[in-house]
Protein chains: 2
Amino acid sequence: MNRKTNKIRIVKLMLVSISMLIFISCSNTDNLILIKEQGSFAVGGTMKSNPGTFDAIKRTPEGQTFHGDHAYVFYQIPNEAHKYPLVMWHGIGQFSKTWETTPDGREGFQNLFLRKKYSVYLLDQPRRGNAARSMEEGTITPTPDEQFWFNTFRVGEWPDFFPGVQFSQDKETLNQYFRQMVPNVGPIDINLNVDAVSALFDKIGEGILVTHSHSGGMGWLTAIKNQNIKAVVSYEPGSGFVFPMSEIPAPMESSAGPLHPVEVSMEDFMELTKIPIIIYYGDYIPEKPDSNPGTDGWRVRLEMAKLWRDVVNKYGGDVTVVHLPEIGIKGNTHFPMSDLNNKQVADVLSAWLQEKGLNK
Amino acid sequence: MNRKTNKIRIVKLMLVSISMLIFISCSNTDNLILIKEQGSFAVGGTMKSNPGTFDAIKRTPEGQTFHGDHAYVFYQIPNEAHKYPLVMWHGIGQFSKTWETTPDGREGFQNLFLRKKYSVYLLDQPRRGNAARSMEEGTITPTPDEQFWFNTFRVGEWPDFFPGVQFSQDKETLNQYFRQMVPNVGPIDINLNVDAVSALFDKIGEGILVTHSHSGGMGWLTAIKNQNIKAVVSYEPGSGFVFPMSEIPAPMESSAGPLHPVEVSMEDFMELTKIPIIIYYGDYIPEKPDSNPGTDGWRVRLEMAKLWRDVVNKYGGDVTVVHLPEIGIKGNTHFPMSDLNNKQVADVLSAWLQEKGLNK
């Protein structure tokens with residue numbers, strides 16, 4: 001065999017060996033979440049002080065303070081993160097758990113979007129969960145109401161699950177689902193909540209707000225207030241569609257009661273024409289009035305969302321409303337972010353973020 | 001130049017190039033936390049059901065349920081984790097934040113021990129924080145009491161910080177520190193809390209319990225109950241030292257009131273002789289009775305801890321009490337896990353875990 005063939009053979013052997021060495025020596029980071037930074041903090045809030053001087057021996061109320069009404073935030077920044085973090089805001093009766101492990105034990109949006117290299121900020125709004133240090137007194141009564149929520153969350157019509165529902169029917173799932181609720185400590189104060197989330201965006205800079213249900217309406221108000229919110233993603237907004245006086249529709253009646261729009265100034269409204277907005281609704285929303293309040297309330301919410309979209313877009317906005325069954329994604333409840341097909345739901349969002357250039 | 005020198009030169013060049021290639025192509029994972037798994041869940045708890053059948057239209061109380069009194073847990077498992085996870089249990093008025101980012105913005109025990117390759121489970125006990133879904137009613141009143149806590153946590157004697165205290169004196173630190181408190185929703189129920197944390201160890205298997213302050217006493221009871229607890233680390237236990245009747249000391253008087261021991265059966269007590277236990281106390285604990293209740297209460301706690309150590313060890317146990325200033329670590333408050341020198345405090349714990357073979 002000639003020298004040239006031998007040299008080529010040696011070089012090939014070295015290249016193969018070295019490739020294997022690289023493969024083995026690099027940490028196999030497949031499937032790991034690489035966290036560059038993580039932590040938690042309180043943001044926003046107010047304080048009050050009692051008059052007088054604190055007595056260290058008697059420890060009476062004089063001269064003592066109370067700091068409360070802040071939001072609590074846990075954040076994670078993955079390695080090589082996209083520029084805009086996702087700030088996820090829970091809905092009524094919920095806390096950050098909405099976005100965490102699903103009731104049936106799979107990864108939630110927190111992990112799914114960390115894997116997509118988004119920084120993820122999960123917040124508990126003032127007077128809820130880990131931010132329960134309320135400046136207002138509150139009495140909390142453990143009132144059995146889980147079947148009300150089961151129906152309102154469109155998991156089914158108790159005790160039946162909807163056919164094809166994207167929700168696991170094993171007993172432990174419902175156990176976890178019911179336990180991911182926490183009470184309000186003190187009254188829900190919309191302005192307070194908006195201020196706290198706005199303070200969060202003041203602190204962290206530009207990002208994308210992701211809301212759910214009750215935080216939908218509060219999300220519009222926060223985006224009006226804070227220019228650092230570069231887009232809003234709203235899952236199943238439950239109220240608080242904002243209109244200027246000239247465009248405000250009548251309340252819409254449903255078996256769950258009337259849905260009222262909210263009036264804002266034209267100047268404020270125009271803020272919402274400046275950023276991309278997407279709204280998602282799931283399945284089992286009746287098209288015609290239905291006697292079941294659990295689902296019928298959503299009929300008028302989807303209807304008002306579409307009306308709202310049209311008005312915002314008429315003024316130059318960029319609002320999209322996605323009714324998931326209409327794009328072939330069926331069986332979603334009020335919680336698409338934690339339903340059985342939540343990976344698909346996340347991918348749909350991911351594609352929209354990319355389409356809008358929000359994944360830089 | 002001869003062929004042999006050329007070949008050697010080529011081989012050297014290739015080796016250098018390949019080394020650089022390996023260096024560049026491997027993700028530079030220095031300083032990243034590599035997470036293999038993370039998530040959250042509710043554990044333990046009870047439920048109640050109203051009699052009757054749920055009416056989906058009227059949505060009255062009949063036939064509705066309420067699940068509550070569980071603990072909430074957020075966990076992270078790093079890549080190549082040690083066998084035993086650390087389960088961290090907050091103290092009075094606190095939630096998981098005790099172990100998270102410090103009030104002055106540095107990494108807490110959560111991150112420090114993830115970096116040491118321990119799985120870290122942070123819990124909110126029943127009726128607190130994200131586990132506030134209480135089965136008992138509660139009224140929460142925002143009572144200004146932060147100076148009481150400032151003193152009791154041995155940060156100083158309000159408004160003065162202790163000289164040399166391991167606590168940042170900038171205004172934002174105190175702001176964060178006060179906001180890391182959350183109320184109890186409903187009465188604190190020791191047995192309930194012990195049951196929930198025991199249920200956690202039933203779920204996750206063998207591990208190490210890390211307690212703080214009020215959870216110190218509850219920690220002993222949980223270790224008695226659950227064989228999966230292979231060791232207990234207790235920072236500044238505040239109460240609940242357990243003794244068999246034959247060994248129980250008299251209550252110890254202090255300016256903060258009496259410290260009562262707790263009686264348990266000899267059979268239960270003996271459980272605590274079977275596992276390694278370490279207790280840490282910080283600085284500014286008076287050696288003689290002091291009129292300042294904020295510090296004097298800790299005098300009797302440190303004293304009872306040493307007495308308890310001696311009794312447990314007399315029966316064959318392995319309890320160590322470390323008074324940090326006595327090992328040259330000065331300036332610690334009631335929160336060594338989040339004080340300015342918390343890395344050093346963590347390293348001391350890390351060394352003990354290794355010494356006891358708990359870092360396998």
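Observations, loosely collected:
- Derived scalar couplings ³J(HN,Hα) [region A:326-331; Karplus, 6.51 cos²θ - 1.76 cosθ + 1.60; whole Hz; x for Gly, Pro]: 6, 9, x, 9, 10, x
- Relative contact order computed over region B:240-313 (Cα-Cα under 8 Å; 6+ residues apart), in percent: 36
- Shielding by partners for peptide A:60-71, expressed as the average number of C-beta atoms from other protein chains within 10 Å of each residue's C-beta, is 5.
- Shape analysis of chain A places it in the prolate category; the axes a ≥ b ≥ c from the Cα gyration tensor give an a/c of at least 1.5, with a/b above b/c.
- Note on A:Lys274: lysines with a C-alpha under 20 Å away, same-chain residues under 8 apart excluded, are A:Lys83, A:Lys225, A:Lys230, A:Lys306, A:Lys314, A:Lys356, A:Lys360.
- Radius 13 Å from Cβ of A:Gly186, net charge of other residues (Lys, Arg +1; Asp, Glu -1): -1
- Solvent-accessible area, 1.4 Å probe, carbon plus sulfur percent, for region A:194-344: 50
- Using θ = phi - 60° and Karplus 6.51 cos²θ - 1.76 cosθ + 1.60, couplings along region B:260-268 (whole Hz; Gly, Pro as x): 9, x, 10, 8, 10, 5, 4, 4, 5
- For B:Ala132, the shell of other residues with beta-carbons less than 9 Å away shows a net charge of +3, using +1 for Lys and Arg and -1 for Asp and Glu.
- Long-range HN-HN contacts of A:Glu157 with modeled amide H, under 5 Å: A:Phe162
- Residues whose amide H lies under 5 Å from that of B:Val264, counting only those 5 or more places away or on a different chain, are B:Phe243, B:Met245; hydrogens are built 1.01 Å from N in the peptide plane.
- With a simple spin-label model that places each label point 7 Å from the Cα along the Cα-to-Cβ direction, the separation between B:His260 and B:Lys360 comes to 4.1 nm.
- The alpha carbons of region B:104-190 stretch over 44, 39, 22 Å along the principal axes, in descending order.
- Interface burial for B against A (accessible surface, 1.4 Å probe, total of both chains, Å², rounded to 100): 7100
- Relative contact order of region B:35-356, pairs being alpha-carbon contacts under 8 Å that are 6 or more residues apart, as %: 17
- With θ taken as phi - 60° and the Karplus curve 6.51 cos²θ - 1.76 cosθ + 1.60 applied, the whole-hertz 3J(HN,Hα) list for region A:61-71 is x, 4, x, 9, 10, 9, 9, x, 6, 8, 9 Hz, x standing for glycine and proline.
- Those GluC sites (Glu not before Pro) in region B:272-332 that DSSP places in a loop and that have at most 16 other beta carbons within 10 Å: B:Glu287
- Summed over the residues of chain A and divided among them, the accessible surface reaches 40 Å² per residue at a probe radius of 1.4 Å.
- In terms of its C-alpha gyration tensor, the protein assembly as shown comes out oblate, because a/c is 1.5 or above while a/b does not outweigh b/c.
- For A:Tyr280, the amide hydrogen comes within under 5 Å of the amide hydrogens of A:Ser234, A:Tyr235, A:Glu236, A:Val322, counting only partners 5 or more places away or on other chains and with H modelled in the peptide plane.
- Length released on extending from A:Thr29 to A:Asn175, taking residue separation times 0.36 nm less the Cα-Cα span: 49.2 nm
- Position A:Glu303, label points 7 Å along Cα→Cβ, spacing to each other copy in nm (shortest first, one decimal): 7.4
- C-alpha center-to-center spacing [region A:282-360, region B:93-161] in angstrom: 38
- Each other copy holds its own label point for B:Arg106; taking that point as 7 Å from Cα along Cα to Cβ, the gaps run 4.2 nm, nearest first.
- Region B:101-240: relative contact order in percent, alpha carbon pairs under 8 Å with at least 6 residues between: 22
- Kyte-Doolittle mean at least -0.5 and Cα axial length at least 27 Å: DSSP H helices in chain B: B:3-25
- Shape category assigned to region A:30-157 from the gyration tensor of Cα positions, a/c cut at 1.5: oblate
- Each other copy places its own label point for B:Met20 at 2.6 nm from this one, sorted shortest first, where the point lies 7 Å along the Cα-to-beta carbon line.
The values are calculated or read from the model by the stated rules, or taken from the named source; none is laboratory data. Treat the numbers as computed from the prediction; the structure is a model and nothing was measured. No Cβ is skipped: glycine too gets one built from the backbone with ideal geometry, and neighbour counts run over all protein chains shown. What goes into the accessible areas is simple: the full protein's heavy atoms, side chains included, and nothing from ligands, DNA or RNA. Shrake-Rupley method; radii C 1.70, N 1.55, O 1.52, S 1.80 Å.
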